[in-house]
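The values are calculated or read from the model by the stated rules, or taken from the named source; none is laboratory data. Just so it is clear, the model here is predicted, and its values are computed rather than measured. No Cβ is skipped: glycine too gets one built from the backbone with ideal geometry, and neighbour counts run over all protein chains shown. Please note that ligands, DNA and RNA were not included when accessible areas were found on the heavy atoms of the full protein model with its side chains. Shrake-Rupley method; radii C 1.70, N 1.55, O 1.52, S 1.80 Å.
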Amino acid sequence: MSYKIWTDVNLLTMSDTGSAYGLINEAALVEKDGLINWIGNKADMPVHFNGEIINCSGAYMTPGLIDCHTHLIYGGNRINEFEKRLNGATYEDIANAGGGILSTVRATRAATEDELVSSSLKRLRQLEKDGVTTIEIKSGYGLDVENEIKMLRAVKKLDKISNVDVVATFLGAHALPPEYHDNRDGYINLIIKDMLPKVAEEKLATAVDGFLENIGFSYSEMERVFSAAKEYGFDLKLHAEQLSDLSGAGLAAHFNALSADHLEHLSESSMDLMQKSGTVAVLLPGAYYTLRDTKLPPIGSLRKRNIPMAVATDSNPGSSPVLSLKLMINMASTIFGLTPEEALAGVTKNAAKALGLSDRGLLKAGLRADMVLWDISHPAELAYQVGGSPVLSVIKNGNVVYQNT
Ligand code: NIG
Ligand code: FE
C-alpha cells in the first residue's frame, strides 16, 4: 500500500501541542493503511513518502467528528408534538399523556428491522456530509426483548453498510413500557434477567445507558441496572439531570461511567464525583434548544474542575430533531458559552473519551485517518457560521467518503 499525502493544509490536531487547537500551519498529513502515519510541518516531511498527493491550498483539517450521543434509529416522527409544545404543552405533559418517547416506541415496534435501517441511513448520510465519521446510536424505543434486539441489530447493520463507524448503546431503561405501567420492578427485572444477557451474548452493544428522571427511572432502579451491567463488563452512560436534579451524574460517576449526559440541573456534589471518576460531561444543546429550556448546564464549574466536556446532537424525534453536529458546535458556543476551541474538542477528542475510544479524536500519528477538510479561514469559523456547509471533504480510514462539489 502506498501513502496518501495531504499537503499545504492547516491542521487543527486538537493535541496538547501548546498552541490553540493544536494548530500546525503549512502542514502535511501522511496516511497509510487507514492510519495517520506522519504528521507535521510540511518542511520537515521525510522525503521517502511517495504516493498520491492532495494539495489542500491552505484549507483547514480537523479530526473526523464524533457524535457521541444519538437516538438515530426510530420509527415515525413527532412533528405533532412539536406543534403541541408550541401551543403550550410541556415535554413532561406529553410524556405523561402517553406520548413522547412512548409514541416513538409504538412506531418503532411497528417497523421492521429493514425499515429502521433505511430510514436511519438517510439521517446518517446527513450527519456524514457534515463531517461525522463515528457515531453512537442507542436503542430504547423497543422496550421489550424482541424490539430492543431489533433496534440493536439495525445499529449493527448501519455500521456494516455505511462508511461511518457506528457504536451501539443499549438503552432498555429509557421509559417504562405500557405493559409494565403498574409493575416497575417487573420491567427492571426484564432488563436485568432477559435483555442484558442477550445483548451481552450477541455482543450487540458496548455500553448500557438509562434515563434517570421523574418521567424515566429512579436512582435506585438505575443502580440495579448499572450493577447488573457492570457484571457483564459493559461501559456505562447515563441521561442525568436533564429536567431535575436527582443525583444521576453522581450515580454515574460512582459506577465509573464513561459519561453523564444533559446535566442542566447538575449539582456541585455530583460534579465532585465526576471529577474524581473522570466521567465525561456530554452537553446536548439541541435538546436544550428544542425544549426551549432556560436552565443552562454549569459550564463554568465544569471548566474550573477540568471535567472533559463533549458535545453531541442527541438526534431523536422528540427533544432534538437535529441532523447537524456542526450546528451543535455553534450552539455549544453561542448558547452554552463554550469557547470555539472547547466546542471543537467536544465533538472530537472529548467525544472519543465519552465513547471510550482511544484510536481517534485527534490528528496524531498512529490514530485512525478520519479527517474533515474545511473551507474556512480561521478555526473559530467552525463555531461562528450558522447554516451552509464549509465541508470540502470527509475522509474515513484514509478514503474520501464525501466530497462537497
Ligand atoms: O436524550 N431524555 C431522554 N431521551 C431523549 C429523548 C428521547 C425522546 O424524546 O424520544 C433525550 O433527550
Ligand atoms: Fe438522549
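Given the criterion within 15 Å of ligand 1 (Cβ to nearest atom) and open to solvent by 10 Å² or more (accessible area, probe 1.4 Å), identify the matching residue among L143, L176.
Among L143, L176, only L176 is within 15 Å of ligand 1 (Cβ to nearest atom) and open to solvent by 10 Å² or more (accessible area, probe 1.4 Å).
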For L196: the one exception among (1) exposed (fewer than 15 other Cβ atoms within 10 Å of the Cβ); (2) more than 22 Å from M274 (Cβ to Cβ): (1)
Would you mind telling me which numbered condition in (1) over 30 Å from L23 (Cβ atoms); (2) within 16 Å of ligand 1 (Cβ to nearest atom) T112 fails? (2)
Assess whether A229 counts as being away from ligand 1 (no atom under 16 Å from the Cβ) and open to solvent by less than 50 Å² (accessible area, probe 1.4 Å). yes
Going by the structure shown, is V282 within 16 Å of ligand 1 (Cβ to nearest atom), within 24 Å of T13 (Cβ to Cβ) and at pLDDT 95 or above? yes
In the set L296, L323, which member is more than 10 Å from ligand 1 (Cβ to nearest atom) and touching a Phe, Trp or Tyr at 6+ places or on another chain (Cβ under 7 Å)? L296
If a residue must be within 16 Å of ligand 1 (Cβ to nearest atom) and either more than 15 Å from G142 (Cα to Cα) or not hydrophobic (A, V, I, L, M, F, W, C) (or both), how many such residues does region 198-217 contain? 9
I'd like to know if region 274-284 contains one or more residues that are within 16 Å of ligand 2 (Cβ to nearest atom), at negative phi and surrounded by fewer than 24 Cβ atoms within 10 Å (Cβ to Cβ). no
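Do we have K156 as assigned by TED's automatic domain parsing to the domain that holds N316, within 27 Å of R368 (Cα to Cα), within 18 Å of the chain's Cα centre (by Cα) and open to solvent by less than 10 Å² (accessible area, probe 1.4 Å) here?
no
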Are there any strands (runs of 3 or more DSSP E) wholly within region 17-116 with 1 or more residues that are without any contact (Cβ under 8 Å) to a residue 24 or more places away in the chain, and if so which? 23-32, 35-41
Looking only at residues that are more than 13 Å from F82 (Cα to Cα) and open to solvent by 30 Å² or more (accessible area, probe 1.4 Å) in region 93-102, which one is nearest to ligand 1 (Cβ to nearest atom)? L102
